[in-house]
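For reference, the structure discussed in these notes is given below.
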Amino acid sequence: QAQTVLARTWALANSHRFRIDGYHLCSDTQCQVYSDPRQAGGAVRQAISATAGRLLSWQGQPISAVYHASNGGVMAAGSEAWAMDPQPYLRAELDGDPAFVARQGLPLSTRAGVAGLLADRQGVYGSRHPLFRWTRTLTGDGIRQALGSAGAALQGPLQLNVLERGRSGRVLALQIVSPGGGTPVVLRLDRIRGTLRSLPSTLFVLEPQGNERWLVRGGGFGHGAGLSQAGAIDLAWRGWSTARILDHYYPGTVYGPLPAPLESP
């Protein structure tokens, strides 16, 4: 039901995006993916019926209802994922029971803080997701290939430097540089995952392995902002209501029908 509310909210908030092309929404990942409703199963139909006419709003307008698969135990602010104005309902918060929250604390602005979070699974919502914790290996050759002409210009051994982390610990700026020459490349926000496509999220720490190899230890799958689908499933099994789940991931928003517009005098 929570997912249904978000899909409805996102569709309404973005129904103007393609007006110039003569349609409202597409059906691929650019528009959060929508399938033929005639193929929906009974559980989906029940969720649609149970939440009919309801969405999430902020100050009388549909919210930016972004969501993802797994946040790895900490929600991201919207501005940690994209170059967007901060939204009060998309903010960095730990995603676990009170004991986990008390153990960790924010901000996770250091490598040690993120490493400590990644080593902690106890009491985290959504910890059963297969990419809740993950490791990947990056190589110099792979990075150069991903960067294209910018990577080919970097001469000599590469160095990776995390320049900035957000409040949630996610990498906001990743520098790729070579002492041998070439203009350093800085990947920011969603361009990090968009370029280094093997990384499931930007919640990670780097462990140099020598000879242009890095072990990447990370958590979560997706941008981390808004609802964690794995977390919401976990909370539903714990007996949380739809309204409580939505308020947890989008604090301060209103769950219900949009208020009627005021009539002009």
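Observations, loosely collected:
- Environment charge at Glu212 (Cβ cut-off 11 Å; Lys +1, Arg +1, Asp -1, Glu -1): +1
- Counted over the range 1-116 with a bin width of 5 Å, the fraction of Cα pairs per bin, in whole percents, is 2, 9, 15, 18, 18, 14, 12, 7, 4, 1, 0.
- Counting charges near Gln175 (Lys, Arg +1; Asp, Glu -1) among other residues having Cβ under 14 Å from its Cβ returns a value of +2.
- Value of relative contact order over the range 38-192, rounded to a whole percent, pairs C-alpha under 8 Å and six or more apart: 20 percent
- Note on Leu131 and Arg197: with the Förster distance fixed at 25 Å, the Cβ-Cβ geometry gives a FRET efficiency of about 0.95.
- Whole-Å semi-axes of the ellipsoid equivalent to the range 72-171 (Cα gyration tensor, √5λ, descending): 30, 17, 12
- R0 of 22 Å, Cβ-Cβ distance Met84-Asp141: FRET efficiency to nearest 0.05: 0.05
- Residue among Glu93, Glu80, Glu212 with the largest mean-square fluctuation in a Gaussian network model of the chain, springs linking Cα atoms under 10 Å: Glu212
- From its DSSP helices (H runs of at least four residues, each -39,500 (n - 2.57)), the chain gives a residue-normalised ellipticity at 222 nm of -7000 deg cm²/dmol.
- From the C-alpha gyration tensor of the range 117-243, square roots of 5λ in Å: 33, 14, 11
- P(r) weight above 33 Å for the chain, C-alpha pairs, percent: 28 percent
- The range 96-117-the range 177-211 distance, computed between alpha-carbon centres (Å): 23 Å
- Here the Gaussian network model covers the chain, with springs between Cα atoms less than 10 Å apart; of Tyr89, Tyr34, Tyr125, Tyr34 fluctuates the most.
- With the simple spin-label model, which puts each label point 7 Å out from Cα in the Cβ direction, the Val101 to Ala119 separation comes to 2.4 nm.
- Rounded to the nearest 0.05, the FRET efficiency derived from the C-beta distance between Tyr34 and Ala153 at R0 = 35 Å is 0.25.
- To put it simply, the accessible area of the chain at a 1.4 Å probe is 52 percent carbon and sulfur.
- Per residue, the range 99-203 exposes 48 Å² of accessible surface when a 1.4 Å probe is rolled over the protein heavy atoms with every protein chain present.
The values are calculated or read from the model by the stated rules, or taken from the named source; none is laboratory data. None of these values were measured; they are calculated from a predicted model. Heads up, the Cβs are rebuilt from the backbone with ideal geometry, glycines too, and the neighbour counts pull from every protein chain shown. Each accessible area value is taken on the protein alone, full model and side chains, heavy atoms only, with ligands, DNA and RNA left out. Shrake-Rupley method; radii C 1.70, N 1.55, O 1.52, S 1.80 Å.
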